[in-house]
1. Of the candidates Ala145, Ala20, Ala170, which one comes out as most mobile in a Gaussian network treatment of the chain with C-alpha springs shorter than 10 Å?
2. Per DSSP H run of n ≥ 4, the term is -39500 (n - 2.57); total these for the chain, divide by its residue number, and report the mean residue ellipticity at 222 nm rounded to 500 deg cm²/dmol.
3. Ranking request for peptides 76-84, 129-137: highest mean number of other beta-carbon atoms within 10 Å first, then the rest in descending order.
4. How large is the translational diffusion coefficient of the chain in µm² per second when you combine the Kirkwood radius over alpha carbon pairs with Stokes-Einstein at 4 °C and 1.567 mPa s?
5. Springs between alpha-carbon atoms under 10 Å, Gaussian network over the chain: tell me which of Ser186, Ser35, Ser63 tops the mean-square fluctuations.
6. Taking just the alpha-carbon atoms of segment 74-182, what radius of gyration and Dmax come out, in angstrom?
7. With a 1.4 Å probe and every protein chain kept in, tell me what percent of the accessible surface of the chain is carbon plus sulfur.
8. Could you provide, to the nearest whole Å², the per residue accessible area of the chain with probe 1.4 Å?
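The values are calculated or read from the model by the stated rules, or taken from the named source; none is laboratory data. None of these values were measured; they are calculated from a predicted model. When we count neighbours, we look across all protein chains shown, and the Cβ atoms used for this are built from the backbone with ideal geometry, even at glycine. Accessible surface is based on the protein model in full, side chains and every heavy atom, while ligands, DNA and RNA are left aside. Shrake-Rupley method; radii C 1.70, N 1.55, O 1.52, S 1.80 Å.
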Amino acid sequence: MKQPKIDWPNKAETQQILAATGMNETMIEEVVADSIRQAQLMAKRGVDMIAPILNKDRGTWESAWNRNATLTRWFGKVTMANHVKDVHRRLDTACDRLANKVQTVKVRAELPHDYHAQNLGGPLSKNTWKIAPAFLTMDLNDRGAVTVHEQLHDDHVDQKIDGETVYGAALAEQLAKEDPDKARRSPENYEQYVRALQAFHEALETKKASGATAVRR
């Protein structure tokens, strides 16, 4: 991971951010770097779940995907092999950017609509996004997942279902069921996907640790 570039506002606004978070500038820079590092790890875990499907004969991709409860939960069922490749490519691109591109993070005292983070997207803002104080006080997994979401905004806008912007697990799951094409382009669905994988990984590690403790006893 490359060290991110932090874009600070004017002095008065910077002081407002420091007061709101109880952090100094160095601490905030470390939190941002940790967030990007965690996002890279979470995105890579998502890529790694799909990779074994792509390593098999192309004719099996569709059926292998549709048998996977986690993939269909967040992205719906696929009807052609290219759909599998699309999700893998989008997440792999985000992972690559997090690992190899300098992220410019604009720290601001507030963002529209009380957003914790924002990426307006488009070719002129690649690897550039904004965060508010609320982002900095989230736990590490939340910050990692939101960072993955913002990376997807480099190429994709938030999707809507019945006129409502898709935020949160419930709407992401609904979108995957009702409109898989949109789900595969929805930054929120990628966020919820990596959240679910992280939760599963941590539960597995806890179970392993408990088992090891029981053996030692």
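1. Ala170
2. Rounded to the nearest 500, it is -20000 deg cm²/dmol.
3. 129-137, 76-84
4. Calculated translational D: 71 µm²/s.
5. Result for the chain, Cα springs under 10 Å: Ser63 fluctuates most.
6. 14.7, 45
7. 50 percent
8. Normalised by residue count, the accessible surface of the chain is 51 Å².
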